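Student: Let me give you the structure first, and then I'll get to my questions.
The values are calculated or read from the model by the stated rules, or taken from the named source; none is laboratory data. Please read these numbers as outputs of a predicted model, since none were measured by experiment. Please note: Cβ atoms are built from the backbone with ideal geometry, for glycine as well, and neighbour counts cover all protein chains shown.
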Amino acid sequence: MTSSYTDLTVWQRSRQLVGEVYSLTKGFPREEVFGLTSQMRRSAVSVPSNIAEGCGRQHPKDSISFFYIARGSLYELETQLYLSFDQQLIALPELEAVLLQLTDCKKLLHGFINHYKQKLG
């Protein structure tokens with residue numbers, strides 16, 4: 001078993017996704033600070049945060065609830081990325097690159113949720 005949530009690939013990759021989102025949103029116009037910039041950063045930060053909180057819970061059922069919140073945040077972020085593209089705040093190559101990272105996080109999180117579901121029997 002993993003000694004800490006910080007050793008988990010899903011947590012590490014979601015943390016990298018946060019860095020990518022922060023880098024992308026640095027180039028957004030000032031008027032977006034309280035709009036998409038803030039929303040995207042909150043959604044991104046929510047993913048590793050909820051993975052960590054879920055790992056800190058005593059019962060797998062509680063943990064899974066937080067992992068589902070993290071998953072929801074990934075879907076929220078995905079939508080915000082598409083909206084950013086629609087508003088011409090990011091270019092197609094940037095969108096595609098960050099969506100690859102996001103998809104990787106989704107797959108890892110899906111497997112992690114299934115792992116915890118098996119603990120419930």
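Student: Taking the stretch 11-69 on its own, how many of its residues are at pLDDT below 95, more than 14 Å from Ile90 (Cβ to Cβ), charged (D, E, K, R) and in a helix (DSSP H, G or I)?
Tutor: 4
Student: Somewhere in the stretch 53-75, is a residue crowded, with 18+ Cβ neighbours inside 10 Å, touching a residue at least 24 places away in the same chain (Cβ under 8 Å), under 15 Å from the mean Cα position of the chain (by Cα) and over 23 Å from Asp7 (Cα atoms)?
Tutor: No, every residue in the stretch 53-75 fails to be crowded, with 18+ Cβ neighbours inside 10 Å, touching a residue at least 24 places away in the same chain (Cβ under 8 Å), under 15 Å from the mean Cα position of the chain (by Cα) and over 23 Å from Asp7 (Cα atoms).
Student: May I pose another question? Take Gln88 and decide whether it is touching a residue at least 60 places away in the same chain (Cβ under 8 Å) and either surrounded by fewer than 19 Cβ atoms within 10 Å (Cβ to Cβ) or not in a loop (DSSP other than H, G, I, E, B) (or both).
Tutor: No.
Student: Do you know which residues across the stretch 66-82 are of a type in the set (Ser, Thr, Tyr) and either within 15 Å of Gln101 (Cβ to Cβ) or in contact with a Lys or Arg (Cβ under 8 Å, 6 or more places away or on another chain) (or both)?
Tutor: Residues satisfying the conditions are Ser73, Tyr75, Tyr82.
Student: Looking at the stretch 98-121 only, could you name the residues that are free of Cβ contacts under 8 Å to residues at least 60 places away in the same chain and either closer than 16 Å to Thr25 by Cα or among the aliphatic types (A, V, I, L, M) (or both)?
Tutor: Leu99, Leu100, Ile113
Student: Take the residues in the stretch 98-110 that are touching a helix residue (DSSP H, G or I) at 6+ places or on another chain (Cβ under 8 Å) and over 15 Å from Ala44 (Cα atoms), then tell me which one is surrounded by the fewest Cβ atoms within 10 Å (Cβ to Cβ).
Tutor: Ranking the qualifying residues of the stretch 98-110, first place goes to His110.
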